[in-house]
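J.: First the structure, which I've put down as structure tokens, then a few questions once you've had a look.
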Amino acid sequence: MTESKKRVAILISGRGSNMTALIEAAKAPDYPAEIVGVFANKPDAGGLQTAAGQGIATAWRWHKDYPSRTGFELALSDVLKLWRPDIIALAGFMRILTPEFTEKWRGRMINIHPSLLPLHKGLHTHAQALADGAKEHGCTVHFVTPGMDEGPTILQARVPVLPGDTPETLAERVLVEEHRIYPEALALVARGEASFSG
Ligand code: GAR
């Protein structure tokens, strides 16, 4: 199986709990992907230490050190050249990527977003859902396209919104589902069972 495993780079900005879910899933011998590196856009992203502790290559480039998005992405691309990923998995990576970068990785870059897209794009999705009076909320794994939080859905999971929910309690309920569907979605992409080229 090892030879056919797809190489995956994970991009993070924070604690990296979805990253950890992917790392754990990839430990199964029959999982179709291996994590070859974790990259962050800031030095203090907590997930970097977690990944390093698992013996995974890590790198960071602070986006503030670059005058433009393109400059930052060139630095990111230099790191990716070393890791040679087949797939990029964004896991709480809170930088907008340029159309040039997303087009280059079309069909090979996926993201997890904490809402039932196309509802509640952007930030504070749990507060958005509560403000809307939503009865259901959830998370989406999708292919990345130039539009923010757009792109074809690979998997979605739903949770109920319960009386008395706060953004925090709702986030907790959604996160459990994120950790379940992200490894499943990555496996679908790695096996070629979910694809996007058009
Ligand atoms: C997750 O809830 C993820 O869905 C969200 O950030 C959190 C990162 O947590 N991503 C986005 O909002 C992207 N638009 P994590 O670092 O523990 O995985």
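J.: How high is the relative contact order of segment 1-76? Use alpha-carbon pairs under 8 Å, at least six apart in sequence, and give a whole percent. Let's see the in-between values first.
T.: Values: 117 pairs, mean separation 22.0, N = 76.
It rounds to 29 percent for segment 1-76.
J.: Between 0 and 90 degrees, rounded to the nearest ten: what's the tilt of helix 167-190 against the longest Cα principal axis of the chain?
T.: 40 degrees
J.: May I pose another question? For segment 35-170, what relative contact order do you get, as a whole percent, if you take Cα pairs closer than 8 Å and at least 6 residues apart?
T.: Working: 198 pairs, mean separation 23.4, N = 136.
Across segment 35-170, relative contact order equals 17 percent.
J.: Once you put a point 7 Å from the Cα of Gln49 and another 7 Å from the Cα of Ser4, both along the Cβ direction, what distance in nm separates them?
T.: Each label point lies 7 Å from its Cα, and together they span 4.0 nm.
J.: For a Förster distance of 35 Å, can you work out the FRET efficiency between the beta-carbons of Lys64 and Arg191, rounded to the nearest 0.05?
T.: Details: r = 38 Å, r/R0 = 1.08.
Efficiency for this residue pair is about 0.40.
J.: Which residues among segment 171-198 fall inside the zone where the amide N is under 17 Å from a point 7 Å beyond the Cα of Arg106, along Cα→Cβ?
T.: Label zone hits: 195-198.
J.: Sticking with this structure for a sec: Please list, by residue number, everything in segment 142-157 whose backbone N is under 19 Å from a paramagnetic label point 7 Å out along Cα→Cβ of Leu119.
T.: Under cut-off, by backbone N: 142, 149-157.
J.: Over 20 Å between Cα atoms: which of Lys6/Lys121; Lys5/Lys81; Lys27/Lys81; Lys27/Lys121; Lys42/Lys121; Lys6/Lys27 fall into that group?
T.: Working: Lys6/Lys121 29 Å; Lys5/Lys81 18 Å; Lys27/Lys81 24 Å; Lys27/Lys121 32 Å; Lys42/Lys121 23 Å; Lys6/Lys27 13 Å.
Violating the 20 Å Cα-Cα cut-off are Lys6/Lys121; Lys27/Lys81; Lys27/Lys121; Lys42/Lys121.
J.: Quick one: if you stick a label point 7 Å off each Cα along the C-beta vector at Ala127 and Glu24, how many nm between them?
T.: Label-label distance for Ala127 and Glu24, simple model: 2.9 nm.
J.: Measure nothing fancy, just the Cα-based angle from helix 69-83's long axis to the longest principal axis of the chain, in degrees from 0 to 90, nearest 10.
T.: For 69-83 against the chain, the angle is about 60 degrees.
J.: Next question, about the same structure. Count the DSSP beta bridges whose two residues both fall in the chain, then state the antiparallel fraction as a percent rounded to the nearest 5.
T.: Values: 11 of 28 bridges.
If I count the DSSP bridges inside the chain, around 40 percent turn out antiparallel.
J.: Give the separation of the Cα centroids, segment 103-123 to segment 130-147, in Å.
T.: Cα centroid to Cα centroid, the span is 9 Å.
J.: Counting only DSSP beta bridges with both residues in segment 69-183, what percent are antiparallel, rounded to the nearest 5? It would help to have the intermediate numbers written out before the result.
T.: Values: 11 of 14 bridges.
Roughly 80 percent of the DSSP beta bridges within segment 69-183 come out antiparallel.
J.: Here's another thing I want to ask about it. Near Lys104, which aspartates and glutamates are there with a Cα under 15 Å away, not counting those fewer than 8 places off in the same chain?
T.: Answer for Lys104, where 15 Å is the Cα cut-off: Glu73, Asp78, Asp86, listed by chain and number.
J.: A further question on this structure: So what's the gap between the Cα centers of segment 177-191 and segment 1-52, to the nearest angstrom?
T.: Using only Cα atoms to place each centre, the spacing works out to 12 Å.
J.: What FRET efficiency would be calculated for the residue pair Arg84, Arg15, taking the C-beta separation as r and a Förster radius of 22 Å, to the nearest 0.05? Don't skip to the end; give the middle numbers.
T.: Details: r = 27 Å, r/R0 = 1.21.
Computed FRET efficiency for Arg84 and Arg15 comes out at 0.25.
J.: Per the Debye formula with a single identical scatterer at each Cα and no solvent contribution, what log10 I(q)/I(0) holds for segment 78-198 at q = 0.09, 0.15, 0.16, 0.19 Å⁻¹?
T.: -0.26, -0.67, -0.75, -1.00
J.: Here is a further query. Suppose we keep just the DSSP beta bridges with both residues in segment 1-81; what percent of those would be antiparallel, to 5? Don't skip to the answer; put the middle values down first.
T.: On the way: 0 of 10 bridges.
Roughly 0 percent of the beta bridges in segment 1-81 run antiparallel, per DSSP.
We did not get these values from a lab; they are worked out from the coordinates using the rules stated. Nothing here was measured: the structure is a model prediction, and the numbers come from that model. So basically every Cβ, Gly included, is an ideal-geometry build from the backbone, and we count neighbours across all protein chains shown.
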